[in-house]
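Below is one structure; the comments refer to it alone.
Each reported figure results from applying straightforward, stated rules to the coordinates on display, with no laboratory input. This structure is a prediction, so every number in the text was calculated from the model and none was measured. Cβ placement follows ideal geometry from the backbone for every residue including glycine, while neighbour counts extend to all protein chains displayed.
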Amino acid sequence: MDKVEKRKYESPRQVERQSKILACARDMLSEVGYAGMTMRSLAEKAGVAPATLYNLYGGKDDLILAAVDDLLRALGAEAAEQRESEGIEAILMTARVTARQLQETPRFAEAMARALFRVESDDPLVDVLFARGLPYVAEQLAIARDKGEVLPEVDTELVALHITSQGWSTTIAWMLGMLPLEEVLTERQRSLIMTLIGVTRGAAKRRLEARLKELGWRGHTKTKHEDARSQRREAAV
């Protein structure tokens, strides 16, 4: 994957066409995965000529990168609209939005996670899916620190790295069958709050502790692997 290029269009019709193409690409990735998606099949699904896709994006990898970038920008805008405030609340809201997206489009999320762990560290996909979120989280932590909610000695960039990594850890746990899909949102919030409790103080820390208590520790303990074992046992009877 070479680059993410923001396309410039002059008419609403062209913008609408681009959005449809990128949405169709995400749908196909969810349905058939990276290997199953071809430029010809995508063109057919989107109602455009294959040459149009090549003219706009150059190739399959750049098109997929643009589709992911488009989705993440939309999620960022959605999170911004829902934020009640800056700082800690903004971080929590962003995590909720991204976790819900995973639950709504799990196969797409899995395809992107697998792609991320196949690429080199300098691949643009790393920036789109991982590195781009770090400055935002660090900025919100710095805002919280200025408000006296985060401990003054905290390295906001390091904590931002931990928080961003936790999001992918939750995704991996689900992919490996260790976490049911319906528990992804709760577990993402739980792990994030535990990290934030360790770096906050005063009323902010007490609010987080109260939220963690509300979440509790009772989740679905039966994973996909256990379900599969149960099904095998039932079939053998």
Study note, to complete from the structure: Neighbour-count ranking for LEU212, LEU65, LEU181, LEU92 (other C-beta within 10 angstrom, fewest to most) reads LEU181, LEU212, LEU92, LEU65
Review point. Of all chymotrypsin sites (Phe, Trp or Tyr not before Pro) in the range 89-146, which ones are in loop regions per DSSP and have a Cβ with at most 15 other Cβ atoms within 10 Å?
Key: PHE117
Check your understanding: Hey, fewest Cβ within 10 Å first, where do ASP146, ASP70 land in order?
Key -> ASP146, ASP70
Review point. Among rounded, prolate and oblate, which fits the range 84-237 when a ≥ b ≥ c are the square roots of the eigenvalues of its C-alpha gyration tensor, a/c under 1.5 means rounded, and a/b larger than b/c means prolate?
Key: oblate
Check your understanding: When the Cα centres of the range 94-169 and the range 176-190 are compared, how far apart do they sit, in Å?
Key -> 16 Å
Review point. Most exposed first by the Cβ proxy, i.e. fewest other Cβ within 10 Å, how do TRP174, TRP168 rank?
Key: TRP168, TRP174
